[in-house]
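Just so it is clear, none of the values below were taken in a lab; they were calculated from the coordinates. Here the structure is a predicted model, which is why all the values come from computation and not from measurement. Neighbour counts run over all protein chains shown; Cβ positions are idealised from the backbone, glycine included.
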Amino acid sequence: MSHIAFIGLGNMGGPMAANLARAGHSVRVFDLVPAAVAHAVEAGAVAAKDAVDTLAGAEVVITMLPASRHVEGLFLGEQGILSHIPAGALVIDCSTIAPASARKVAEAAAARGLSMIDAPVSGGTAGAAAGTLTFIVGGDDASFDRAKPVLSAMGKNLFHVGASGAGQVAKLCNNMALGAIMAVTGEAIALGVAHGLDPRVLSQMMAVSTSRSWATEVCNPWPGVLENAPASRGYTGGFGNDLMLKDLGLAAEAAMSVGASIPLGELSRNLYAMNSKAGNGKLDFSSVVKLLSGEK
Ligand code: NAD
């Protein structure tokens, strides 16, 4: 069992830290939101007074923050935590951030003799709670091997996709496809409903037909179709629209850097930008269906 520092206890980090504590690891946690720390303590973690205070005796340091600027802000610069991380600790950033940002922080860690991997996740808040996340890892073989026992306490599928930053590239590919699939699934259900169909029956049919996906089966965008989906609780507690918008922006940057064409990815990015402007930025990204159904 390891001594783990865990920073960032939001929709994903909270349940991930809880699963580490449940697995018997000693977990010291910090988040800017005190209520998030209190939840993790209820699950068996120990509250630290700030990010640096999580690092006492840490063998593994895990971060789960919103975006590149948060990760760079936490690790780098004069106030950055890199200089406080104990020698020999493994750093695992699970946030979804720009590949270039992941490489920049990993290089700064290496300059201090620390190994760091990017390990963004897929599986949503349900996967985080159930400990069934998919981890998509970029980094060297030795660091991946060291991370496996810790990642296994939070997920069931571990993929090592390449060197530093590669985990982020693969994650962006996944989320670009997800963004488009969610939007078109919402569009299809809205079309059926406009023709008088029952969204539940339509979704059940789609979930066993050729358009089946995570959007039909697990995170259906139509309220009332799936009891446990964010749509059925006012689109709260899922994967925020603005986080999807961030990922699609990162995918667009990644596409430009190699001259790739991503017409559906760009179209999806605009849809989530419009949904954000409509005031739904903090809601689950499946709320994009509101744009298509005319619901306010
Ligand atoms: P969130 O906004 O719910 O949580 C982020 C947490 O980080 C917040 O509690 C915030 O207070 C904390 N934080 C920010 N800066 C901090 C700092 N300097 N020190 C300590 N705490 C700090 O976001 P989330 O939904 O948990 O997502 C986290 C990351 O995981 C994002 O990069 C997101 O794209 C990715 N992700 C999310 C999901 C999902 O379904 N929610 C799925 C896969 C990947």
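Key figures
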| read-out | value |
| --- | --- |
| Selection from Gly124, Ala110, Met182, by position along the positive dipole direction of the chain (Cβ) | Met182 |
| Structure-based [θ]222 nm, the chain - -39500 (n - 2.57) summed over DSSP H runs of at least 4, per residue, nearest 500 | -14000 deg cm²/dmol |
| Gyration tensor verdict on the range 1-89 (Cα atoms; rounded if a/c is under 1.5, prolate if a/b is larger than b/c, oblate otherwise) | oblate |
| All lysines inside 29 Å of Lys49 as judged from Cα atoms, apart from same-chain residues fewer than 8 positions distant | Lys104, Lys148, Lys282 |
| Relative packing of peptides 283-291, 158-166 - highest average C-beta neighbours within 10 Å first | 283-291, 158-166 |
| Förster radius 22 Å - calculated FRET efficiency between Ala47 and Arg22 (Cβ-Cβ, nearest 0.05) | 0.85 |
| Dipole of the range 3-163 [Lys/Arg +1, Asp/Glu -1 at C-beta], most positive-end residue of Leu20, Phe6, Ala98 | Leu20 |
| Estimated FRET transfer efficiency (Ala56, Ser261; beta-carbon r; R0 35 Å; 0.05) | 0.10 |
| Extension gain, Glu295 back to Ser211 (0.36 nm per residue minus Cα-Cα distance, nm) | 27.9 nm |
| Inter-label distance for Met274 and Ala100, nm, one decimal - labels placed 7 Å from Cα along Cα-to-Cβ | 2.9 nm |
| Cα centre as origin, Lys/Arg/Asp/Glu Cβ charges: the chain dipole, Debye | 280 debye |
| Packing-based order for 97-104, 148-155, using average beta carbon neighbours within 10 Å, highest first | 97-104, 148-155 |
| Point-charge dipole on Cβ atoms (K/R +1, D/E -1) for the range 210-296, about Cα centre, debye to 20 | 200 debye |
| Label zone at Asp145 (point 7 Å along Cα-to-Cβ), backbone N below 20 Å, the range 40-79 | 59-61 |
| Spatially proximal aspartates and glutamates relative to Lys156 (Cα-Cα < 16 Å; intrachain offsets below 8 disregarded) | Asp145 |
| Simple spin-label estimate for Ser152 and Asn228 in nanometres, 7 Å along Cα-Cβ | 2.4 nm |
| Relative contact order of the range 126-215, defined on C-alpha pairs under 8 angstrom at six or more residues apart (%) | 24 percent |
| The chain, relative contact order in percent, only Cα pairs under 8 angstrom and at least six apart counted | 13 percent |
| Spacing of the two label points (7 Å from each Cα toward its C-beta) at Leu32 and Ala111, in nm | 2.5 nm |
